[in-house]
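The values are calculated or read from the model by the stated rules, or taken from the named source; none is laboratory data. Source: prediction; values computed, not measured. Here Cβ is always computed from backbone atoms with ideal geometry, including for glycine, and neighbour counts include all displayed protein chains. We work out accessible area using only protein heavy atoms, side chains counted, and drop any ligands, DNA or RNA first. Shrake-Rupley method; radii C 1.70, N 1.55, O 1.52, S 1.80 Å.
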Amino acid sequence: MIVAMHVATGAAIGAATGSRRRALVLGLAAHALADAIPHEDIESRRFETVSGLALLSLLAAARGPLDPTVIGAAAASAPDLEHVLPFPQPGGRKLFPSHRVEGWHRAGGITAGAQLVAAGVIVAFLLFRKE
């Protein structure tokens, strides 16, 4: 999934759990599960980074940085940091399981545009919903 979609799904999970600890654990699990769904990626790492940080920043500004929604969003998107930062790669492979195991991350399926629209709708809902 694109980073913006990982942010949005992690935020939704965090909001649903209401717990920072559960948001952290379930956000990481959501990343792995989302990567198993066939999808298109965005080739521009810059766009991926900026769009993901923008959504995460909006959530943090609206709800506070320690809100479970923000923790879930950060946890669900954090595994993709290994695509842009020089993390160790034992045996030449990435660290996070869905990036490491052959065949887990599959191409096709959900278009990048559809993911971007869905991420925007999910985050907008979370930003404007009444508690």
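Side notes on the structure shown:
- Near the amide H of residue 110, within less than 5 Å, lie the amide hydrogens of 39, 40, all on another chain or at least 5 residues away, with H placed in the peptide plane.
- Rounded to whole numbers, the Karplus 3J(HN,Hα) couplings from phi for segment 4-13 are 4, 5, 4, 4, 5, 5, x, 5, 4, 5 Hz, using 6.51 cos²θ - 1.76 cosθ + 1.60 with θ = phi - 60°, and x at Gly and Pro.
- Where Rh is the Kirkwood radius over Cα pairs, Rg/Rh for the chain: 0.96
- Per residue accessible area in Å² of segment 4-131, where ligands, DNA and RNA are left out and the probe is 1.4 Å: 56 Å²
- Inter-label distance for residue 40 and residue 121, nm, one decimal - labels placed 7 Å from Cα along Cα-to-Cβ: 1.7 nm
- Evaluated at q = 0.16, 0.18, 0.23 Å⁻¹, a Debye calculation over the C-alpha positions of segment 59-131 (equal weights, vacuum) places log10 I(q)/I(0) at -0.80, -0.93, -1.11.
- Residues residue 33 and residue 85, FRET efficiency given R0 of 30 Å [Cβ-Cβ distance, rounded to 0.05]: 0.85
- Listed residue (113, 42, 15) projecting farthest to the positive dipole end of the chain, Cβ model: 15
- Diffusion coefficient of segment 10-53 by Stokes-Einstein, Kirkwood radius over Cα pairs, 10 °C, 1.306 mPa s: 134 µm²/s.
- Centre separation in Å (Cα based) which lies between segment 3-19 and segment 65-107: 15 Å
- Diagonalising the gyration tensor over the Cα atoms of segment 32-79 and scaling each eigenvalue by 5 before taking the square root yields semi-axes of 22, 15, 7 Å, largest first.
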